[in-house]
Amino acid sequence: MATQTNFAPRQNALLEMNRNWLAQGLRLISSLSQESYEACGGQVRHILDFYECFLNGVESSHIDYDARKRDESIARCAQAASTKIQALMAAMDSLPALRGDAIVWVRMEDAEGLHVDHDFLASSIGRELMVLSSHTVHHFALIAMMLRQRGCEVEADFGVAPSTLRHRASQASAEAA
């Protein structure tokens with residue numbers, strides 16, 4: 001049986017990937033006017049709500065992404081979003097449970113509306129870190145599109161999946177050769 005220390009490099013990579021997304025979001029937010037931030041702040045809030053639900057559920061091993069706080073100050077105020085991102089990054093650095101890949105139970109989306117008796121599904125911390133990463137990239141892509149339509153400059157790789165970036169790089173290398 002594998003020990004938790006065998007998971008350390010993978011868990012560290014997953015944590016670093018999510019920290020990088022949050023840092024990229026922080027850079028974007030700091031570059032926006034208040035008006036531009038408000039145009040995409042709902043998407044930012046949504047992303048941060050998912051991270052908060054994950055971190056709140058890790059220690060109890062029960063994660064409920066439907067239990068989002070939906071703090072509208074984060075949707076409206078860039079400074080509130082920046083403060084929340086910094087707090088989430090600090091929590092990711094300080095929670096020892098994130099260093100292992102323990103089993104967690106994740107509540108089904110809209111479990112109340114589906115009226116099911118057993119509404120928690122087995123997952124793992126590592127798998128949920130991957131879910132958060134994919135979810136963040138997806139919403140970053142929406143944010144990038146919204147901001148570009150407003151004429152805002154956005155980093156070229158903002159909202160682009162790592163596999164797509166690698167593919168583009170390999171295509172550029174092949175064309176240069």
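State all residues of the range 143-155 that are closer than 23 Å to LEU48 by Cβ, free of Cβ contacts under 8 Å to residues at least 12 places away in the same chain and not polar (S, T, N, Q); if no residue qualifies, say none.
The one that is closer than 23 Å to LEU48 by Cβ, free of Cβ contacts under 8 Å to residues at least 12 places away in the same chain and not polar (S, T, N, Q): ARG148.
Could you check the range 148-177 and list, in sequence order, the residues that are more than 20 Å from LEU22 (Cα to Cα) and hydroxyl-bearing (Ser, Thr, Tyr)?
SER170, SER173 - these are the residues of the range 148-177 that are more than 20 Å from LEU22 (Cα to Cα) and hydroxyl-bearing (Ser, Thr, Tyr).
Please determine whether any residue of the range 48-57 is within 14 Å of ALA78 (Cα to Cα) and out of contact with any strand residue (DSSP E or B) (no Cβ under 8 Å at 6 or more places or on another chain).
Yes.
Would you please name the residue that is surrounded by the fewest Cβ atoms within 10 Å (Cβ to Cβ), looking only at residues in the range 51-71 that are hydroxyl-bearing (Ser, Thr, Tyr) and in contact with a Phe, Trp or Tyr (Cβ under 8 Å, 6 or more places away or on another chain)?
Of everything passing the filter in the range 51-71, SER61 is surrounded by the fewest Cβ atoms within 10 Å (Cβ to Cβ).
So which of PHE158, PHE140 ends up being aromatic (Phe, Trp, Tyr), touching a residue at least 24 places away in the same chain (Cβ under 8 Å) and assigned to a helix (DSSP H, G or I)?
Exactly one residue qualifies, and that residue is PHE140.
I'd like to check something: does the range 75-89 contain any residue that is in contact with an Asp or Glu (Cβ under 6 Å, 6 or more places away or on another chain), assigned to a helix (DSSP H, G or I), aliphatic (A, V, I, L, M) and closer than 23 Å to VAL58 by Cβ?
no
Could we say that ARG166 is closer than 30 Å to GLU35 by Cβ and over 18 Å from the mean Cα position of the chain (by Cα) here?
no
Consider the range 43-80. How many of its residues are farther than 19 Å from SER134 by Cβ and out of contact with any Leu (no Cβ under 9 Å at 6 or more places or on another chain)?
14
Yes/no matrix, rows are residues, columns are (1) polar (S, T, N, Q); (2) surrounded by 17 or more Cβ atoms within 10 Å (Cβ to Cβ); (3) under 21 Å from the mean Cα position of the chain (by Cα); (4) closer than 29 Å to SER36 by Cα:
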site	(1), (2), (3), (4)
GLN79	yes, no, yes, yes
LEU98	no, yes, yes, no
ARG107	no, yes, yes, no
ASP117	no, no, no, no
SER134	yes, no, yes, yes
HIS138	no, no, yes, yes
MET145	no, no, yes, yes
ARG150	no, no, no, yes
VAL160	no, no, yes, yes
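Scan the range 96-136 for residues that are in a loop (DSSP other than H, G, I, E, B) and either of a type in the set (Phe, Trp, Tyr) or more than 14 Å from PHE54 (Cα to Cα) (or both) and jot them down.
GLY100, ASP110, HIS115, VAL116, ASP117, HIS118, ASP119
Could you tell me which residue of the range 51-64 is nearest to ALA156 (Cα to Cα), considering only residues that are in contact (Cβ under 8 Å) with a residue 12 or more places away in the chain and assigned to a loop (DSSP other than H, G, I, E, B)?
ASP64
Select from the range 6-50 the residues that are surrounded by fewer than 17 Cβ atoms within 10 Å (Cβ to Cβ) and charged (D, E, K, R) and write down the one among them that is farthest from GLU153 (Cα to Cα).
ARG10
Criterion first (outside any helix (DSSP H, G or I) and modelled with pLDDT of 95 or more) does ARG45 satisfy it?
Details: outside any helix (DSSP H, G or I): no; modelled with pLDDT of 95 or more: yes.
The answer is no for ARG45.
The values are calculated or read from the model by the stated rules, or taken from the named source; none is laboratory data. Computed from a predicted model, the values in this text were never measured in an experiment. No Cβ is skipped: glycine too gets one built from the backbone with ideal geometry, and neighbour counts run over all protein chains shown.
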